[in-house]
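Asker: Have a look at this one before I ask anything.
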Amino acid sequence: MDYFLTEQQQMIVDIARQLTDEKIIPHRAELDEQHQFPREILKQMAQADLFGVPIPEAYGGFGGGCLDIALTVEQFGRGCIGVGTAFAANFLGVYPIIIAGSEAMKEKYLPDVATGKKFGAFGLTEANAGSDASGIQTTAVLDGDHWVLNGTKQWITNGGEAQIYAVVAITDRSRGPRGASILVVEEGDPGFSCGPKEKKMGIRASSTTELIFKDCRIPADRLVGRQGTGFITVMKTLDLSRPGIGALGVGLAQGALDEAARYAKQRQQFGKPIIAFQAVQHMLADMAIGVESARALVYAAARHIDAHPKEMSKVSAMCKAYATDVAMKVATDAVQVMGGYGYMCEYPVEKMMRDAKILQIYEGTNQIQRNVIGQELNKEYS
Ligand code: COS
């Protein structure tokens, strides 16, 4: 389907597609088996200038929008959402600086992110604060010209691999969500360490660790924006980032459909290729409808966000929930079309089905997305 992309957007797609075909797909099984972080692939993404896509031009990037980044990660998602997650979570760690950071902070960090020299991570979730994001316990206390952080973040993507961590901490417990702030912690800061890599069902190429702060001292100017505005910046960051998760889902679903359709054409049973049977054709048709409708919603939502940055929440939540539910369904159906072969680790749809599950969970469960949509509807119809 023609989505009327600009020349620059088509160029981004072509570069990301080639990188996915040549560098991600041939290595994805090995990265998954060895739980290996894709450092070499990320270097190649940097050489292809893809880390600059959403960074403003003033700081060495392309100044691309939500759609540009969605187009990029869709391609990576088609190859491996473990690799795509490492790439996308980098921006989750950097969006708070773009949204609310001072000029000095932007100048300090963004040019190195645009070139891929520095890599980001986002520290929000804690053991007892997942969906209830404002329930975090990590604290940051001002001591002279330093903040002192104490607490532990859990399940942080790019933990141990990033150099820049946007960490959400309570700076005034009496003010509820208005008492949270975001601070930039750098790799090597005293009192900051990462836990061991978690073992996961899927996206094993991505790194997931705890972030541990024990009297971690960082300079006062690492506060992102004003004190107490952290929760709002977190929500805006997630609004901006969630279409990228939807796009990873579109990519994964496309990859699973491609595998299932190719298999159905060459697999012979009862004397003919199984694609000749209506039962299989209908499954493939439903998968194709899912992929195309998810893609259309992700692109439309991303375009809406680029044009109306103050109206992000509902469309962002809609496309994240829809496209990732589609990804889970299409990956599961791809395994079904491929039968016993699909269930074997030797074929990529087994990994795709394991990988797809996280899309419905991270960056806000799909139940939380529906809460966000419901709350917006409640406001609209009041
Ligand atoms: N943009 C701007 N401001 C927002 C906002 C948004 N998208 N969403 C909420 N806010 C504001 C509210 O307007 C409110 O401001 P006031 O204090 O001025 O009233 C404040 O933030 C608190 O909002 P709310 O009361 O809705 O917060 P809740 O604690 O009820 O939490 C949810 C809302 C559940 C939506 C939020 O916690 C969430 O998104 N949770 C999921 C977190 C998540 O995605 N975790 C994944 C890990 S990060 S990879």
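The values are calculated or read from the model by the stated rules, or taken from the named source; none is laboratory data. The model shown is predicted, which means the values in this text are computed figures rather than measured ones. Heads up, the Cβs are rebuilt from the backbone with ideal geometry, glycines too, and the neighbour counts pull from every protein chain shown. Note: accessible area is taken over every heavy atom of the protein model, side chains too, but ligands, DNA and RNA are not part of it. Shrake-Rupley method; radii C 1.70, N 1.55, O 1.52, S 1.80 Å.
Asker: How many nm separate the modelled label positions at residue 141 and residue 278, each set 7 Å beyond the Cα in the direction of the Cβ?
Answerer: About 7.2 nm, to one decimal.
Asker: Among 253, 300, 58, whose mean-square fluctuation peaks in a Gaussian network model of the chain (Cα, cutoff 10 Å)?
Answerer: 58
Asker: Could you tell me which residue out of 133, 98, 156 lies farthest along the dipole of the stretch 1-159 toward its positive end? Charges go on the beta carbon: Lys and Arg +1, Asp and Glu -1, centred on the Cα centre.
Answerer: Farthest towards the positive pole: 156.
Asker: Pulled fully out, how much extra length does the chain show between residue 341 and residue 382, if you take 0.36 nm times their separation in residues and subtract their Cα-Cα distance?
Answerer: Values: separation 41, 0.36 × 41 = 14.76 nm, distance 5.24 nm.
The residue 341-residue 382 span can extend by a further 9.5 nm.
Asker: May I pose another question? Considering the Cα positions of the stretch 231-380, please state its Rg to one decimal place and its Dmax as a whole number of Å.
Answerer: Expressed in Å, the Cα Rg and Dmax of the stretch 231-380 come to 17.4, 61.
Asker: Which whole-number percent gives the relative contact order of the chain, counting Cα pairs below 8 Å spaced six or more residues apart? All intermediate terms of the calculation are to be shown ahead of the outcome.
Answerer: Working: 750 pairs, mean separation 63.7, N = 382.
Answer for the chain is 17 percent.
Asker: Within the accessible area of the stretch 75-160, what % is carbon and sulfur when the probe is 1.4 Å and the other protein chains stay in place?
Answerer: Working: 1450 of 2890 Å².
Accessible surface attributable to carbon and sulfur in the stretch 75-160 totals 50 percent.
Asker: Also, I was wondering about something else. Taking the Cα centre of the stretch 120-228 as origin, work out the dipole magnitude from +1 charges on Lys and Arg Cβ and -1 charges on Asp and Glu Cβ, in debye rounded to 20. Mind showing how you got there, number by number?
Answerer: Numbers: 12 positive and 13 negative charges, 71 e Å.
Magnitude of the dipole: close to 340 debye.
Asker: I need the phi-derived Karplus couplings for the stretch 330-340: 6.51 cos²θ - 1.76 cosθ + 1.60, θ = phi - 60°, integer Hz, Gly and Pro marked x.
Answerer: Result, rounded to whole Hz: 5, 5, 5, 5, 5, 4, 5, 4, 8, x, x.
Asker: Pop out the carbon and sulfur fraction of the accessible area of the stretch 231-352 as a percent, whole number, probe 1.4 Å. Walk me through the numbers before you get to the answer.
Answerer: Details: 3180 of 5310 Å².
That fraction is 60 percent.
Asker: Another question, then. Please give the helix 366-380 orientation as an angle from the longest Cα principal axis of the chain, in degrees from 0 to 90, rounded to the nearest 10.
Answerer: Relative to the chain, helix 366-380 is tipped by roughly 70 degrees.
Asker: Related question: Past 28 Å, Cα to Cα: identify those pairs from 153/320; 265/329; 23/320; 117/351; 117/153, in the order given. Mind dumping the intermediate values first?
Answerer: Details: 153/320 24 Å; 265/329 21 Å; 23/320 26 Å; 117/351 30 Å; 117/153 24 Å.
Over 28 Å Cα-Cα: 117/351.
Asker: Determine which aspartates and glutamates satisfy two conditions relative to residue 357: a Cα distance under 18 Å, and not lying fewer than 8 residues away in the same chain.
Answerer: 32, 33, 74, 198, 325, 333
Asker: By how many degrees, between 0 and 90 and to the nearest 10, does the Cα long axis of helix 66-79 differ from the longest principal axis of the chain?
Answerer: 50
Asker: When all alpha-carbon pairs of the chain are counted, what percent fall beyond 40 Å? The partial results should precede the final answer.
Answerer: Values: 9921 of 72771 pairs.
It works out to 14 percent of all Cα pairs.
Asker: Compute a Gaussian network model of the chain, connecting alpha carbons closer than 10 Å, and tell me which residue from 366, 158, 128 fluctuates the most.
Answerer: Taking springs between Cα atoms under 10 Å, the residue moving most is 128.
Asker: Quick check: net charge around residue 114, other residues with Cβ under 15 Å of its Cβ, Lys/Arg +1 and Asp/Glu -1?
Answerer: Details: positive: 43, 106, 108, 117, 118; negative: 49, 57, 68, 107, 112.
It works out to a net charge of 0.
Asker: Same structure again: Which of the listed residues, 87, 371, 185, is farthest toward the dipole's positive end in the chain, when Lys, Arg count +1 and Asp, Glu count -1 at the beta-carbon?
Answerer: 371
Asker: Starting from 0.36 nm per residue, how many nanometres of slack lie between residue 172 and residue 115 once their C-alpha separation is accounted for?
Answerer: Working: separation 57, 0.36 × 57 = 20.52 nm, distance 3.59 nm.
Once the chain is fully extended between residue 172 and residue 115, it gains 16.9 nm.
Asker: On a full-extension model of 0.36 nm per residue, what is the gain between residue 102 and residue 371, subtracting their alpha-carbon distance, rounded to one decimal in nm? Before the final figure, lay out the partial values.
Answerer: On the way: separation 269, 0.36 × 269 = 96.84 nm, distance 3.22 nm.
My answer for the length gained is 93.6 nm.
Asker: OK, next. Using only Cα positions of the stretch 120-228, each an equal point scatterer, no hydration layer, compute I(q)/I(0) via Debye at q = 0.11, 0.21 Å⁻¹ and quote the log10 values to two decimals.
Answerer: Log-scaled intensity ratios, in q order: -0.31, -1.09.
Asker: May I ask for the Rg/Rh ratio of the stretch 27-180, computed from Cα atoms with Rh as the Kirkwood radius, given to two decimals?
Answerer: On the way: Rg = 16.7 Å, Rh = 16.7 Å.
Expressed as Rg/Rh, it is 1.00.
Asker: If the elastic network links every pair of Cα atoms under 10 Å, which of 336, 268, 36 fluctuates the most in the Gaussian network model of the chain?
Answerer: In the Gaussian network model the winner is 268.
Asker: Accessible area per residue of the chain at 1.4 Å probe, in Å²?
Answerer: Working: 16860 Å² over 382 residues.
On a per-residue basis, 44 Å².
Asker: Something else: Among 264, 50, 277, whose Cα projects farthest towards the positive end of the dipole of the chain, with charges put on the beta-carbon of Lys, Arg (+1) and Asp, Glu (-1)?
Answerer: 277
Asker: Let me check I have the definition right: for the stretch 1-73, take the eigenvalues of the Cα gyration tensor, multiply each by 5, take square roots. What are those semi-axes in whole Å, largest first? Write out the running numbers ahead of the final one.
Answerer: On the way: eigenvalues 119, 50, 17 Å².
So the equivalent ellipsoid measures 24, 16, 9 Å along its semi-axes.
Asker: With +1 on each Lys and Arg Cβ and -1 on each Asp and Glu Cβ, how big is the dipole of the chain about its Cα centre, in debye rounded to the nearest 20? Let's see the in-between values first.
Answerer: On the way: 39 positive and 44 negative charges, 134 e Å.
Computed about the Cα centre, the dipole is about 640 debye.
Asker: Can you say what percent of the DSSP beta bridges in the stretch 135-201, counting only those with both residues inside, are antiparallel? Round to 5. Intermediate values should be presented prior to the final figure.
Answerer: Details: 12 of 13 bridges.
The answer is about 90 percent antiparallel.
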